[in-house]
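Report on the structure given below.
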Amino acid sequence: MTSIRPQALPPNALLARYADGGAFTDCYATEIDGSVSHAEYVEAFYTTAVFRLERQLLAWLVSRPSSAAQASQWAAGELDAFAAWRVEERSADQLLVSDFTRHTRSWLMVVPGLTGGTPTTRLYFGSAVVPTGIDASGRPTIGVAFRALLGFHKLYSRVLLRAARSRLARRGPAPG
């Protein structure tokens, strides 16, 4: 699977609590040849050129500067906060973070596998948008602004995951 595809959240996903709680959630996945640790994936994700631009925007727009060195520390579990995010929960194969407004969550997970006897790694990336209110029928709502940007969000999620996969692929497959 070299494409980026929408997926159902795995049952053990740290992000699942938000889907169960009425938040908007999404999940995208792709596979890469070789074994990729969770720390390698997180570092690759937050240090791509695409994400570097987002980090620069966050520094400029909301005074939340960050560096590639901090991204490495974040990936290694040495920092609980990075740019606009704070760790909500971390496990050996997953990271769930909240933005500084506590309205959105981002989630990254790795799952090792084998394809034809060759090690592979499935990379997951997902988001949650916490409801901002309740509509007239009693259902949670995510707000007009996010609904208006939903198409961009879906595209951007795929671009981010593709960039991380490409960055990891350039390092060459790691041994099993």
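The values are calculated or read from the model by the stated rules, or taken from the named source; none is laboratory data. Note that the structure is a prediction, hence the values are computed from the model and not measured. Every residue, glycine among them, receives a Cβ derived from its backbone with ideal geometry; neighbour counts consider all protein chains shown.
Inspection of segment 90-106 finds no residue satisfying the criterion of being in contact (Cβ under 8 Å) with a residue 12 or more places away in the chain, in contact with a Gly (Cβ under 6 Å, 6 or more places away or on another chain) and closer than 20 Å to Leu161 by Cα. Scanning segment 83-115 for residues being hydrophobic (A, V, I, L, M, F, W, C), buried (at least 16 other Cβ atoms within 10 Å of the Cβ), modelled with pLDDT under 95 and not in a loop (DSSP other than H, G, I, E, B) gives a total of 1.
Looking only at residues in segment 49-80 that are small (Gly, Ala, Ser) and surrounded by 15 or more Cβ atoms within 10 Å (Cβ to Cβ), the one that is farthest from Val130 (Cα to Cα) is Ser72. Check segment 116-127 and report whether any residue there is within 16 Å of Gln7 (Cβ to Cβ), at pLDDT 95 or above and part of a helix (DSSP H, G or I). There is no residue in segment 116-127 that is within 16 Å of Gln7 (Cβ to Cβ), at pLDDT 95 or above and part of a helix (DSSP H, G or I). From the list Thr30, Thr25, the lone residue that is under 19 Å from Thr104 (Cα atoms), of a type in the set (Val, Ile, Thr) and crowded, with 17+ Cβ neighbours inside 10 Å is Thr25. The number of residues in segment 48-72 that are part of a helix (DSSP H, G or I), in contact with a strand residue (DSSP E or B) (Cβ under 8 Å, 6 or more places away or on another chain) and of a type in the set (S, T, N, Q) comes to 1. Contact map, segment 47-60: first residue in contact (Cβ under 8 Å) with a residue 40 or more places away in the chain, second residue of a type in the set (Asp, Glu) and surrounded by 15 or more Cβ atoms within 10 Å (Cβ to Cβ), Cβ cut-off under 6 Å, separation 6 or more or different chains; the map is empty. If a residue has to be surrounded by 13 or more Cβ atoms within 10 Å (Cβ to Cβ) and part of a helix (DSSP H, G or I) to count, how many in segment 128-146 make the cut? The number of residues fulfilling the criteria is 1. Note on segment 1-22: residues that are assigned to a helix (DSSP H, G or I) and surrounded by fewer than 17 Cβ atoms within 10 Å (Cβ to Cβ) amount to 2. Is there a residue in segment 31-47 that is within 27 Å of Ile134 (Cβ to Cβ) and in a helix (DSSP H, G or I)? Checked against the condition, which is being within 27 Å of Ile134 (Cβ to Cβ) and in a helix (DSSP H, G or I), segment 31-47 yields no hits at all.
Can Ala8 be described as more than 19 Å from Ala92 (Cα to Cα), out of contact with any helix residue (DSSP H, G or I) (no Cβ under 8 Å at 6 or more places or on another chain), at pLDDT below 95 and among the hydrophobic types (A, V, I, L, M, F, W, C)? Answer is no for this residue. Which residues, taken from segment 133-159, are within 21 Å of the chain's Cα centre (by Cα), modelled with pLDDT of 80 or more and not hydrophobic (A, V, I, L, M, F, W, C)? Passing the criteria: Gly151, His153, Lys154, Tyr156, Ser157, Arg158. If I filter segment 35-58 for residues that are farther than 17 Å from Ala163 by Cβ and under 14 Å from the mean Cα position of the chain (by Cα), do I get at least one hit? Yes: segment 35-58 contains one or more residues that are farther than 17 Å from Ala163 by Cβ and under 14 Å from the mean Cα position of the chain (by Cα).
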